[in-house]
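What follows is a set of notes on a single structure, which appears directly below.
Just so it is clear, none of the values below were taken in a lab; they were calculated from the coordinates. Quantities reported herein were computed from a predicted structural model and do not represent experimental measurements. Neighbour counts are summed over all protein chains in view; Cβ atoms, including those assigned to glycine, are modelled from backbone coordinates with ideal geometry.
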Amino acid sequence: MPDWTEHDSATYRDIAAIAVPRRHEMTTTIVSLVPFAADDRFRIVELGSGDGMLSAALLAAHPNATVLALDGSASMREAAAARLAPCGDRARVRAFDLASLDWWDLMHGADLVVSSLCLHHLNDAKKQYLYKAIADRLSARGALLVADLIEPLHPASRRLAANEWDRSAREQAGALEAPQLFTRFADAKWNQFRFPDPADRPSALFHHLVWLKHAGFEAVECFWMFAGHAVYGGFK
């Protein structure tokens with residue numbers, strides 16, 4: 001698996017406010033799908049937690065939940081630890097290597113596994129193995145919720161995704177009165193549908209849903225989709 005570098009982490013943090021199409025909408029979609037009441041006690045594991053934004057949103061909505069936030073970038077873990085510090089011992093941040101197997105047992109007994117913009121770094125076979133590993137380790141009431149890039153299957157849909165992504169980034173930069181962010185986004189060639197990167201290996205949405213079903217998830221759905229990004233997952 002090609003390496004995500006600290007330079008990539010720094011670039012992402014610089015442009016995160018606009019780099020993810022409708023980022024707030026994507027995050028709130030995941031939070032709204034959590035299959036537990038607000039005051040329930042449950043355990044979350046986040047794969048590729050980045051700066052901790054999703055973990056923080058989940059803990060804010062569920063004050064009795066705990067989270068283990070895993071990320072491969074030291075600077076991202078530092079940012080996540082700072083963001084999650086007010087949560088005290090409800091949040092732990094730990095290093096992991098997404099492509100390895102030695103962290104899989106950290107998911108044993110988890111009630112919710114979430115991942116945002118991370119799993120597309122795995123090839124198709126490793127995604128399938130990981131979905132099976134998650135399904136096998138989740139609690140009986142568990143769920144997997146993923147936000148990620150998906151692979152367009154036709155040039156027309158790829159063109160649409162690329163155009164929507166650029167438009168969303170430009171609009172978000174405008175709303176923030178920060179046009180320099182869109183310039184930074186464009187200069188970094190962050191739109192993967194215009195500038196494919198060997199580190200990115202998105203898969204077709206249909207394939208994800210089939211793999212999740214085969215892994216053992218009972219209810220499998222796509223819940224949100226825009227600009228080649230989707231929120232999908234499965235419930236036990």
**OP:** Measure nothing but the geometry: give the 0 to 90° angle between the long axis through the Cα atoms of 205-215 and the longest principal axis through the Cα atoms of the chain, rounded to 10°.
**Re:** 10
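Could you count how many Lys pairs in the chain have their Cα atoms under 21 Å apart, skipping same-chain pairs fewer than 8 positions apart? Provide the component values of the computation, followed by the final result.
Working: K126/K213; K126/K236; K127/K213; K127/K236; K132/K213; K132/K236; K213/K236.
The number of close lysine pairs in the chain is 7.
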**OP:** Round to the nearest 10 and give me the degree value, 0 to 90, for the angle of helix 124-137's Cα axis relative to the longest principal axis of the chain.
**Re:** 30
Original post:
When the C-alpha atoms of the range 1-112 are aligned to their principal axes, what extent does each axis show, in angstrom, from largest down?
Top reply: 39, 33, 24
Original post:
Any idea which of A19, L101, L205 is furthest toward the positive side of the dipole for the chain, if Lys and Arg beta-carbons carry +1 and Asp and Glu beta-carbons -1?
Top reply: L205
**OP:** Quick one: which residues, 5+ away or cross-chain, put their amide H under 5 Å from the amide H of M225? H built at 1.01 Å from N.
**Re:** V231
**OP:** Would you mind getting me the FRET efficiency between R158 and D136? Use the beta-carbon distance for r and R0 = 41 Å, nearest 0.05.
**Re:** 0.75
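In the chain, how does Rg compare with the Kirkwood Rh, expressed as the Rg/Rh ratio over alpha carbon atoms?
On the way: Rg = 16.9 Å, Rh = 18.0 Å.
Radius of gyration relative to Kirkwood radius: 0.94.
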Subject >> Sorted by Cβ neighbour density within 10 Å, fewest at the top, the residues D40, D148 >> reply: D40, D148
Original post:
Give or take rounding to whole Å, what are the principal axis extents of the alpha carbon atoms in the range 1-57, in descending order?
Top reply: 39, 24, 18
